[in-house]
Protein chains: 2
Amino acid sequence: MSELKNDRFLKALARQPVDRTPIWMMRQAGRYLPEYRATRSQAGDFMSLCKNTELACEVTLQPLERYDLDAAILFSDILTIPDAMGLGLYFEEGEGPKFRKPVRTEADIEQLNVVDTASDLAYVTDAVAMIRRELHGRVPLIGFSGSPWTLATYMIEGQSSRDFARAKTMLYTQPELMHQLLDKLALSVIDYLNAQISAGAQVVQIFDTWGGALSHAAYLEFSLAYMQKIVSGLIKHAEGRDVPVILFTKGGGHWLEAMAETGCDALGLDWTVDIGAARARVGNQVALQGNMDPAVLRSDPARIEAEVATILQSFGTGSGHIFNLGHGITPDIDPAHAKVFIDAVHRFSAR
Amino acid sequence: MSELKNDRFLKALARQPVDRTPIWMMRQAGRYLPEYRATRSQAGDFMSLCKNTELACEVTLQPLERYDLDAAILFSDILTIPDAMGLGLYFEEGEGPKFRKPVRTEADIEQLNVVDTASDLAYVTDAVAMIRRELHGRVPLIGFSGSPWTLATYMIEGQSSRDFARAKTMLYTQPELMHQLLDKLALSVIDYLNAQISAGAQVVQIFDTWGGALSHAAYLEFSLAYMQKIVSGLIKHAEGRDVPVILFTKGGGHWLEAMAETGCDALGLDWTVDIGAARARVGNQVALQGNMDPAVLRSDPARIEAEVATILQSFGTGSGHIFNLGHGITPDIDPAHAKVFIDAVHRFSAR
């Protein structure tokens, strides 16, 4: 493997000093980029793009050509594991992901097999390996997975949901069954992320998109406990380095202390949290990643720069900050505004 | 007016001792009740029901006939003010509220008039007065309004939204224009709530359904500041009593300390907050209202009772707790489960 030329992101994750605050954007390889839309139209539908190693590699690298980013993130979907479990993931234009065979009954859950990444999800690890080669050490590569609870919500609902009626009914009415499902998912995620690490991922992030829909007690029992299990089961060192883990629970600002206790290296913050207050709560125990509202990118350059300055100032001096959006960049954003954002982070944070 | 027979709710709002924890449910007069659906089908569409004084009174009282509730809440919609401003509120079956004439431009906002409740919203104050008479002092009556920010999101988007793209673009790109809109709305809400109080509402609640979509700084500037203005502008005493104000920002758990500083009497909590931790943060400064996940009502009676016990225990001993759901009860709930919930609160909290 090529030597890493930009280790700003890894240093910040280790709470070590950096020359300027590193930045990447959730969903940085995405529909807001015309070059992404061109590649995507070549591939056909979204999952075909994910499953095509060359094209997945190509779109992963696209934002690095345009912007001065400090990390690349594997282009894939959070729902590859349930897809590999046989649920039949598909996307309808203009709608979220859906499953042809949602999981509803005890029998459905008992029949699910823990995923064997080597045989079921080789297209992902192939993409990781190719991206690592093609990066030539420019920046570190992030691998990722959905959290067990987040995967379970899609599997049970069969699609995204506003109130998670079916998933929560199972959680409250058949908690043992929910735990059985989450346990299979946690084992699958461990295998999946370890395979990504073995293939070359240098950092991994767990996306808990829907943990914030749970009550305090239910979050701890049904989402965080399984992320804890994953953190404990991951490969800790690879290629002579630590492999940091980032936990991101959207709407999880109440639970930062508990999240930090899992042994993860960093917490992703959505934009509702004041990052300075978050830092005061978790101290130097973990790094913090975030957290500008992606909606700010719809406004003008002056306002984008003002928001960047406010967040940098709120975090304060010292190490352990990775700049990011508080959620994925949306398709309607002008790519020039993303550049203003990224450049402002580097310029304003230069030590 | 008849003398108040059950003042448990008012006592808890004043952090005074009560014989048992008072309870009401957000959206307690609603579609989960067959008697509501019958009255609604008589009225025609949803707004016709809101505007029919007798029928609005009838549905307000329905849940009190079934359940041992400690408060009634005016049956109405949070969007009556923008409707009175001429935006043309309507509801399509199975969808949320929509406006025929959304507010998009500077000219749109300049043309909006502050609502004069006496002339524009007499149907609401008529309903309040009739409900008070028909209650015969059984329990106190809650009046309510949407918060300025929440009203503004619907007015700008023209409907409910996942990411508030237009509203946030205005907030970040034309903050002065957004402030102009919010100011007109705050003045309208003050007039509207004061008219409800004058007509007989004994408590008022401000529903800030979408404040939780904002960043920390934007929440303080664009939502809380206007709720503060409303709290300051409300009639403080009526009929020889204090008129308490409850602020409810869904997803606002980060900001409880700031909310308590407005001078309100109670904070509504959604279910993501641990109520014991919330109490530790705001002390005895305000009462706390909440906060069971409405999804728990889909499960079995034993589980509902267990959740009630957990929340009561988390709040702990002493006064200042009003039990409620963390959000409105949903149409799919079995009315028998609501009874289990309400009765459990009273039984488990009996001093």
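Quick note: the coordinates plus some simple rules give every number you see, no bench work behind them. Because the structure is predicted, anything quoted here is derived from the model rather than measured. Backbone-built Cβ (ideal geometry, glycine too); neighbour counts: all protein chains shown.
So that you can scan it fast, the table gives a plain yes or no per residue for (1) closer than 27 Å to A:PRO244 by Cβ; (2) not charged (D, E, K, R):
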residue: A:ALA12; (1), (2): yes, yes
residue: A:PRO17; (1), (2): yes, yes
residue: A:GLU35; (1), (2): no, no
residue: A:LEU69; (1), (2): yes, yes
residue: A:ILE78; (1), (2): yes, yes
residue: A:MET85; (1), (2): no, yes
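Looking across the range B:223-242, just one residue is closer than 24 Å to B:ASP270 by Cα, β-branched (Val, Ile, Thr) and surrounded by fewer than 23 Cβ atoms within 10 Å (Cβ to Cβ), and that is B:VAL231. From the set of residues in the range B:212-230 that are under 17 Å from B:GLY263 (Cβ atoms) and either not charged (D, E, K, R) or not in a helix (DSSP H, G or I) (or both), which is farthest from the other protein chains (Cβ to nearest Cβ)? Result: B:ILE230. For the range A:180-199, the criterion of being within 14 Å of chain B (Cβ to nearest Cβ) and either out of contact with any His (no Cβ under 8 Å at 6 or more places or on another chain) or surrounded by fewer than 24 Cβ atoms within 10 Å (Cβ to Cβ) (or both) is satisfied by no residue at all. Any residue at all in the range B:243-260 that is surrounded by 20 or more Cβ atoms within 10 Å (Cβ to Cβ), polar (S, T, N, Q) and within 20 Å of B:ASP77 (Cα to Cα)? Looking for residues that are surrounded by 20 or more Cβ atoms within 10 Å (Cβ to Cβ), polar (S, T, N, Q) and within 20 Å of B:ASP77 (Cα to Cα), one finds at least one in the range B:243-260, hence yes.
So how many residues does the range B:253-266 have that are assigned to a loop (DSSP other than H, G, I, E, B) and in contact with a strand residue (DSSP E or B) (Cβ under 7 Å, 6 or more places away or on another chain)?
Result for the range B:253-266: 3.
The one condition from (1) in contact with a strand residue (DSSP E or B) (Cβ under 8 Å, 6 or more places away or on another chain); (2) free of Cβ contacts under 8 Å to residues at least 24 places away in the same chain that A:THR169 does not meet is (1). Just so you know, in the range B:231-278 the residues that are within 14 Å of another protein chain (Cβ to nearest Cβ) and among the charged types (D, E, K, R) include one that is nearest to the chain's Cα centre (by Cα), and it is B:LYS250.
With respect to the conditions (1) under 30 Å from A:LEU4 (Cα atoms); (2) assigned to a loop (DSSP other than H, G, I, E, B), A:VAL273 falls short on a single one, namely (1).
Check the range B:342-349 and report whether any residue there is within 14 Å of another protein chain (Cβ to nearest Cβ), surrounded by 20 or more Cβ atoms within 10 Å (Cβ to Cβ) and more than 18 Å from the chain's Cα centre (by Cα). The answer is no, given that none of the residues of the range B:342-349 is within 14 Å of another protein chain (Cβ to nearest Cβ), surrounded by 20 or more Cβ atoms within 10 Å (Cβ to Cβ) and more than 18 Å from the chain's Cα centre (by Cα). Looking across the range A:200-211, the residues that are more than 14 Å from chain B (Cβ to nearest Cβ) and among the hydrophobic types (A, V, I, L, M, F, W, C) come down to A:ALA201, A:VAL203, A:VAL204, A:ILE206, A:PHE207. Scanning the range B:291-320 for residues that are in contact with a strand residue (DSSP E or B) (Cβ under 6 Å, 6 or more places away or on another chain) and not in a helix (DSSP H, G or I) gives B:MET292, B:GLY320. From the list A:GLY328, A:GLY316, A:GLY290, A:GLY283, the one residue that fits, being surrounded by fewer than 19 Cβ atoms within 10 Å (Cβ to Cβ) and within 11 Å of chain B (Cβ to nearest Cβ), is A:GLY328.
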